[in-house]
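Presented below is the structure to which this report refers.
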Amino acid sequence: MPTPRSNGPALSIGLAIRNGRESVGRCIESVLSQDFADLELVVSDNASDDGTVETVEEYARADRRVKLSVNPVDIGSHENMNGVLAAARGRYFRWISADDWLEPSCLSAGVRALESQPDVIGATSWFTIHTADGLTRYEEYAGEFPTSPDPARRFERMLWFFHAGDAKYDPIYALYRRDRLMRSHRIRPFERTDWLLSAELALMGPIVHVYERLAHRTRDYPVGSQRVALRRRLDPVRANTLPTTPQRLSRELFALAVAADLSEQQLRRCRRALLPFWAKEAARVSRARAADVKHQLLAC
């Protein structure tokens, strides 16, 4: 990975990629064409074998802001995401996936939100979801985000968002102060590591919302054996241990609250918020298992 330096750009975008040749050009161009130019795009290729490296190398030759490194073996998406964060030099940081892209004012809007409010640690925006069938959907939710000065309230709101629908909120792909991300546990070997990191960040400080649709996310929804393959992509070494029970996930979330140095009253509120969270998560896991069984029966 590139070695971080203190005299870096204002903003770093981290792109952890494996075999994304078909979509990475659109992603890179959306970053390089932003109206906020003081940035770097830190790309870490994870042993691609489809021509991804050659494609990114072309962009790196044309624009010095593109920094490419190549992992000789597949270390998994989780570790690769941690790698681009560690290599970043900017005051602000945002992850992006190879099949996602940004509107031209996405980064400048996030930077303005952070620079105008020193106590804020991150900035989200509305986004559009694109699926493999060519359909798009979005939800311009205008309710309460984790912006409260009270960390327990931010924790409560983040837990609520986890089961509110995936078009409503996208905290992992937000713009953050990089030093706050570096103080976190970052991406951990859990299937719901994004929830753990989002809750941890919400406990650290307010995450404001920019009420504009500024990002595009491409998503699929694996079932059955596809879910097993996804875990291998996330972490080829620990794929079998990634699934986390609702009980363990709730314990990990509460441990984050305990570590956040909250008052006893705030900690009690966090514990109470985890009760409905656990019930919703148990129901979600049950539905996922039922869907897997149905998928397997139809495949027979």
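Quick one: check the C-alpha center-to-center distance for the stretch 129-168 versus the stretch 238-275, whole angstrom.
Between the Cα centre of the stretch 129-168 and that of the stretch 238-275, the gap is 19 Å.
With the cut-off at 1.5 for a/c, could you classify the stretch 32-88 from its C-alpha gyration tensor as rounded, prolate or oblate? The partial results should precede the final answer.
On the way: a/c = 2.65, a/b = 1.38, b/c = 1.92.
Here the stretch 32-88 falls in the oblate category.
Which whole-Hz couplings ³J(HN,Hα) result when phi for each residue of the stretch 9-19 is put into the Karplus expression 6.51 cos²θ - 1.76 cosθ + 1.60, θ = phi - 60°, listed in order with x for Gly and Pro?
x, 5, 9, 10, 10, x, 10, 9, 9, 8, 6
Search the structure for amide H atoms under 5 Å from the amide H of TYR92, placed 1.01 Å from N in the peptide plane, and list their residues when 5 or more places away or on another chain.
The list, which skips near neighbours in sequence, is LEU11, SER12, ARG178.
Out of all DSSP beta bridges in the chain, what portion is antiparallel? Express it as a percent rounded to 5.
Of those bridges, close to 25 percent are antiparallel.
Kindly report the accessible area of the stretch 213-300 per residue (heavy atoms of protein chains, probe 1.4 Å, no ligands, DNA or RNA), in Å².
Ligands and nucleic acids excluded, the figure is 63 Å² per residue.
Is the stretch 127-198 best put as rounded, prolate or oblate by its Cα gyration tensor, with a ≥ b ≥ c the root eigenvalues, rounded for a/c under 1.5, and otherwise prolate when a/b is larger than b/c, oblate when not?
Oblate is the answer for the stretch 127-198, as a/c is 1.5 or above yet b/c matches or exceeds a/b.
Given H placed 1.01 Å from N in the peptide plane, which residues other than close sequence neighbours of SER48 have an amide H under 5 Å from its amide H?
ASN19
Would you please put 170-179, 259-268 in order of how densely packed they are, using the mean number of other Cβ atoms within 10 angstrom per residue and starting with the highest?
Put in order of decreasing packing, that is 170-179, 259-268.
Kindly rank 183-191, 198-206 from highest to lowest mean number of other beta carbons found within 10 Å of each residue.
Going by the mean number of other Cβ atoms within 10 Å, highest first, we get 198-206, 183-191.
Mind running the shape call on the stretch 183-300? Use the C-alpha gyration tensor, a ≥ b ≥ c as the square roots of the eigenvalues: rounded below 1.5 for a/c, prolate if a/b tops b/c, oblate otherwise.
Taking the square roots of the gyration eigenvalues as a ≥ b ≥ c, the stretch 183-300 is prolate.
The values are calculated or read from the model by the stated rules, or taken from the named source; none is laboratory data. All values derive from a computational prediction rather than experimental measurement. With ideal geometry, Cβ positions are generated from the backbone for all residues, glycine too; neighbour counts draw on all protein chains shown. These accessible areas exclude ligands, DNA and RNA; they are computed on the full protein's heavy atoms, side chains included. Shrake-Rupley method; radii C 1.70, N 1.55, O 1.52, S 1.80 Å.
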